[in-house]
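Beneath this line is the structure, given in structure tokens, with notes to follow.
Where a number appears in this text, it was derived from the coordinates with a stated rule and is not lab data. What you see is a predicted model, and the numbers here were worked out from it, not measured in a lab. Neighbour counts run over all protein chains shown; Cβ positions are idealised from the backbone, glycine included.
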Amino acid sequence: MKQDGLPVISSIPTKRKVVFLTIDDGWEQDPGFARIVRERRIPITVFATRDAVEAEDLPDGEPGWKYVGAGGWPYFKNLGVAIENHTLTHPDLRTLSPEAQKAEICGASKAIGRHIGRAPELFRPPFGSWNPATLTAAGKCGLRAVVLWTASVQSDAKIAYQVEDKRLRPGDILLLHFRPPLEKDFAKLVRKIEKRGFTFGDLGAYMDELLPPQ
Ligand SMILES: [Zn+2]
């Protein structure tokens with residue numbers, strides 16, 4: 001889908017049996033999860049929110065969180081995967097003026113560039129909520145595409161499909177979150193997907209094929 005110059009995608013057109021793992025926000029900085037990603041070289045894409053990455057306290061009243069603020073930006077850099085843009089403070093962008101949207105998006109790109117050493121190319125709006133001003137702002141901040149998702153992954157690696165037959169399809173983009181128990185749930189999800197004969201695609205590489213050169 002082409003919108004105001006910036007494409008908005010929620011799956012990748014491909015016949016290969018690959019799915020794409022994307023993981024949002026950045027609250028639970030679980031070293032066990034990082035180990036699996038590094039050792040298995042699973043090409044996840046992180047959509048980082050600055051306030052989650054830099055948080056020092058637990059989210060209010062929720063049990064089970066162990067690694068909030070445990071690693072900060074170096075944790076994400078050491079994952080060795082693409083760290084993409086998910087705003088500074090995780091607002092519903094549709095409630096913000098065009099200027100405020102631009103501040104959220106450009107600010108996050110700057111923070112990521114500074115801490116990770118690579119400027120983001122992809123943008124995911126919090127809650128999947130966006131309007132035309134979002135696309136204009138993201139374009140002005142140097143981003144190339146807005147990436148939504150095909151299905152979200154709940155606790156215990158349960159995949160919440162939006163399709164009746166509850167099957168993975170080639171090119172599906174799955175949405176995960178940095179929340180406990182991240183290592184356990186992630187390992188289970190990887191096994192589940194591999195059992196179905198799928199491998200994990202590198203979203204950035206597929207996007208390079210999909211998007212016109214800059
Ligand atoms: Zn989010």
Tell me the volume per residue, in Å³, of the convex hull enclosing the alpha carbons of region 154-214. 115
Around Lys110, under 15 Å between beta carbons, what's the net of Lys plus Arg minus Asp minus Glu among the other residues? 0
Find out how many positive minus negative residues lie around Phe20, taking Lys and Arg as positive, Asp and Glu as negative, among other residues whose Cβ is under 9 Å from that of Phe20. -2
Output the antiparallel fraction of DSSP beta bridges having both residues in the chain, as a percent to the nearest 5. 20
Would you please put 172-179, 81-88 in order of how densely packed they are, using the mean number of other Cβ atoms within 10 angstrom per residue and starting with the highest? 81-88, 172-179
Would you give the gap between the C-alpha center of region 25-57 and the C-alpha center of region 153-214, rounded to a whole Å? 15
What length, rounded to one decimal in nm, is gained on full extension from Ala100 through to Lys17, with 0.36 nm per residue of separation minus their alpha-carbon distance? 25.9 nm
Based on Cα coordinates alone, diagonalise the gyration tensor for region 4-52, multiply each eigenvalue by 5, take square roots, and list the semi-axes in whole Å, largest first. 24, 19, 6
Total formal charge among the other residues, if their Cβ is under 13 angstrom from that of Phe33, Lys/Arg +1 and Asp/Glu -1: +2
Amide H neighbours of Ile23 under 5 Å, counting only residues 5+ apart in sequence or on other chains, H built in-plane at 1.01 Å? Thr45, Val46, Phe47, Leu176
As an exercise, take the mean of 1/r over every pair of distinct alpha carbons in the chain, invert it, and state the Kirkwood radius in angstroms. 17.4
If the label point is 7 Å along Cα→Cβ of Lys195, which residues in region 121-158 have backbone nitrogen under 19 Å from it? 152-158
Among Lys140, Lys184, Lys15, determine the one that fluctuates most according to a GNM of the chain built with springs between C-alpha atoms less than 10 Å apart. Lys15
